[in-house]
Amino acid sequence: MRYISTRGGAPALGFTDVLLAGLARDGGLYVPETWPRLTADEIRALRGLSYEELAFRIMRPFVGGEVADADLKHMIDGAYATFRHQAVVPLKQLDESLWLMELFHGPTLAFKDVALQLVGRLYDHVLTKRGARVTIIGATSGDTGSAALEACRDRAGIDIFMLHPKGRVSEVQRRQMTTIGSANVFNIAIEGSFDDCQDLVKAMFNDHAFRDRINMSAVNSINWARVMAQVVYYAAAAVALGAPDRRVGFSVPSGNFGNIFAGYVARQMGFDLAALIVGANRNDILARFFTTGRMEITGVEPSLSPSMDIQVSSNLERLLFDLYDRDGARLGEAVTAFRRTGRFAAPEATWGRIEGLFRAVSLDDPGTLRAMGELHRETGELVDPHSAIGIHAAMACRTDRETPIVALATAHPAKFPDAVEKATGIRPGLPGFLADLHERVERMAGLPNDVRAVQDYVLSHRRNDRNS
Ligand SMILES: *Cc1c(COP(=O)(O)O)cnc(C)c1O
C-alpha cells in the first residue's frame, strides 16, 4: 500500500513514513493510492468478531505489511483495553431506526481516544524500531489536549508538552491534563489566549534550529493513521446492523471532517452506506458546502460545541482530491485560491457525485439545548452538545424507517456538564474511574506568552538527550 499527496507534489510513501510525516512536504495530505475493497462475503465474515479483531482486519490492508501482524494486534489490544466498555464502542437503540454509537468510553471521554490510543502506540513502535525519539508540542483550548497526552503518556520515544491558556479551560479539562503523573508529560499554562498558545507552537516549529534539535513533531488531526483507526467503528456498526445485506446511514457531528471522512473511506472499501450526514453548529461552513457546493470563510463564533468551532475543515481536502479526480496540481491551485480569496466552488462536472453521498444540517445553540432536552424527555438519555447535533441531524434527514441511522456520540455528557444541566436540569457525574479527579495532584508550569521562555522550559525538561 502506497500513499500519495493530495497536492501531487510529494513522493509516494509507505504507511510508517506517512505516520511519521503527518503533512506531506508539498502541503498536501496523504491518502491511499487505491482503496482496498472488501467483498460482500468478506464483510459477512466480520459478524460476531470482537472490536479488536475487526479492527485488525479493517486496518491491516492500510498498514500494508509495514508493521508485523503480531505487533499490530498487540497494539490494538492495548489501545482498546483502555476503554471502559466490553464492546469498546457500544450501540444503543433510541427508537425503531435510530441508534447511538458511544465513542466516548476511552480515558478522556471523547471520541478522539479511539484513534489516538492506537496512533500513540503505533508512533512509539515505529520510532523505537528506528531508534528515534521525538518531542511533541501542542496547544489546546481544553478539549483535545488530554486525548493527545493520554495517547503519548509513558511512551519511551516521546516527550509531550501541552500548552493551554491559563484560566481559560474548564477545571475538569485542566485536571484531565495536569493529573497525568507520567514523566514524559508536561503541561504549561500560558499567560494568554488559545491563539497565543497556537502562535507559540507555530513559532517553535518555524525555528528550524530548535525544531531539529528536539526533533519536534505533532500528532494532528490530518494524520492518516487517525482516519484509518476511525474507519473501524463505521464497519463495526454497519456489520452489527446487518451489512452487507442492509444499508446503514451515519450522522456525524463534524469539525475538521476527520471523523466523517472515515465513513467515506468505509464506503470506498465496499460498505454500502446510506447518506453520510454532516452535523454542524452555528459555524456552518461545512453544512453550506454540502448544500450549495460553495464555501466562504467567515469568522468563527464560540458555541456550546467547541470541538466543531472550525473555520476550514482540514480533512475536507481528502474528499476534494476525489472530487478533482485525484488531480493534485489542480486541487493545489484551488486550495491556494481558497486561502487567498476565502471562497471556493466545487467543480461542476463532479459535484453530482458528492451531492448524493452527503447531507448536512446545522443547529445553533438554542436549538442544541432544545434537542438535548427533548431527547432526555423522550428517551431518558443525557447527551453532550456535539452528540445532540448529530442526533438532531439524523432525525432531520430521516426519510424512511427501514434504513437504520447511527448517530455518533463523540463526547461523554460529563465533559459538558453546564450545557447538559441547562438543557435537562440534570448535572451529569463523571464516570467512576474519574470520580476522584478533583482530589488528584496537579502538575503544571506557568509561563509568560514568550517563545524563548517556552523553548528554555522544553530544552531543560525533555528527557530525550539524557536518556539516549
Ligand atoms: C473533535 C470532535 C468533533 C469533530 O470531529 P472532526 O473529526 O474534527 O470532524 C466532534 N465532537 C467532539 C466531542 C470532538 O472532540
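What's the long-distance tail for the stretch 375-468, i.e. % of Cα pairs beyond 20 Å?
Of all Cα-Cα distances in the stretch 375-468, 62 percent exceed 20 Å.
Largest first, what is the accessible-area ranking of 392, 208, 125 with a 1.4 Å probe?
Ranked list, largest accessible area first: 208, 392, 125.
Net charge near residue 81, counting Lys/Arg +1 and Asp/Glu -1 over other residues with Cβ under 15 Å of its Cβ?
-2
Mind checking which lysines have their Cα closer than 29 Å to the Cα of residue 73? Skip sequence neighbours fewer than 8 apart in that chain.
By straight Cα distance, residue 73 reaches 92, 112, 129.
Would you compute, from DSSP H runs of 4+ residues alone, the mean residue ellipticity of the chain at 222 nm, taking -39500 (n - 2.57) per run and dividing by the full residue count, rounded to the nearest 500?
-13500 deg cm²/dmol
What's the FRET efficiency of residue 452 with residue 330 using the Cβ-Cβ distance as r and R₀ = 35 Å, to the nearest 0.05?
0.25
If you line up the Cα atoms of the stretch 51-174 on their principal axes, what length do they span on each, largest first, in Å?
So the three principal-axis extents are 51, 45, 20 Å.
Over the Cα atoms of the chain, compute the convex hull volume and normalise it per residue, giving Å³.
Output value, Cα hull per residue: 139 Å³.
Taking the Cα centre of the chain as origin and charging only Cβ (+1 Lys, Arg; -1 Asp, Glu), how large is the dipole, in debye to the nearest 20?
Result for the chain is approximately 660 debye, rounded to the nearest 20.
Provide the packing ranking of 279-285, 320-326, 384-390, 38-44, i.e. peptides ordered by the mean count of other C-beta atoms within 10 Å per residue, highest first.
384-390, 279-285, 320-326, 38-44
Might you work out the accessible area of residue 114 for me, using a 1.4 Å probe with all protein chains in place, and round it to the nearest 10 Å²?
0 Å²
Along the Cα→Cβ direction, 7 angstrom out, place labels at residue 74 and residue 50. What is the inter-label distance in nm?
Label at residue 74, label at residue 50, 1.6 nm between them.
In the chain, if the dipole is taken from +1 on Lys/Arg beta carbons and -1 on Asp/Glu beta carbons about the Cα centre, which of 149, 349, 15 is farthest to the positive end?
15
What is the percent carbon and sulfur in the accessible area of the stretch 323-443, measuring with a 1.4 Å probe over the protein chains and ignoring ligands?
48 percent
Going by average Cβ neighbours within 10 Å, how do the peptides 449-462, 410-423 rank, with the highest at the top? Could you put the intermediate results ahead of the total?
Numbers: 449-462: 15.6, 410-423: 22.0.
Ranked by mean Cβ neighbours within 10 Å, highest first: 410-423, 449-462.
What is the Cα radius of gyration of the stretch 259-410 over 2.2 N^0.38 Å, N being its residue count? Present the calculation step by step, with values, prior to reporting the outcome.
Numbers: Rg = 16.2 Å, N = 152, 2.2 N^0.38 = 14.8 Å.
Taking N as the residue count of the stretch 259-410, the ratio is 1.09.
With every protein chain kept in the model, how would you rank 74, 376 by accessible area, 1.4 Å probe, largest at the top?
74, 376
Starting from the residue with the highest accessible area, list 53, 296 in decreasing order, probe 1.4 Å.
Greatest to least solvent exposure: 296, 53.
Rounded to the nearest 0.05, what FRET efficiency do residue 377 and residue 433 give with R0 = 45 Å and r taken as the Cβ-Cβ distance? Could you check?
Numbers: r = 29 Å, r/R0 = 0.65.
According to the calculation, E is roughly 0.95.
By per-residue mean of other Cβ atoms within 10 Å, what is the highest-first order of 395-407, 135-147, 357-369, 223-235?
Peptide ranking by packing, descending: 223-235, 135-147, 357-369, 395-407.
May I ask for the distance between the Cα centers of the stretch 349-408 and the stretch 243-268, given as a whole number of Å?
The distance from the Cα centre of the stretch 349-408 to that of the stretch 243-268 comes to 13 Å.
With labels modelled as points extended 7 Å from the Cα through the Cβ direction, what inter-label distance (nm, one decimal) is found for residue 191 paired with residue 297?
Label-label distance for residue 191 and residue 297, simple model: 3.1 nm.
How many angstrom lie between the C-alpha centres of the stretch 157-226 and the stretch 1-54?
With the stretch 157-226 and the stretch 1-54 each reduced to a Cα centre, they are spaced 27 Å.
At residue 337 and residue 182, where each label point lies 7 Å from the Cα along Cα→Cβ, what is the point-to-point distance in nanometres?
4.5 nm
The values are calculated or read from the model by the stated rules, or taken from the named source; none is laboratory data. No experiment lies behind these values; they were computed from the predicted model shown. Glycine also receives a Cβ, built like all others from the backbone with ideal geometry; neighbour counts cover every protein chain displayed. For the accessible areas, the whole protein counts, side chains as well, though only heavy atoms, and no ligand, DNA or RNA atoms are used. Shrake-Rupley method; radii C 1.70, N 1.55, O 1.52, S 1.80 Å.
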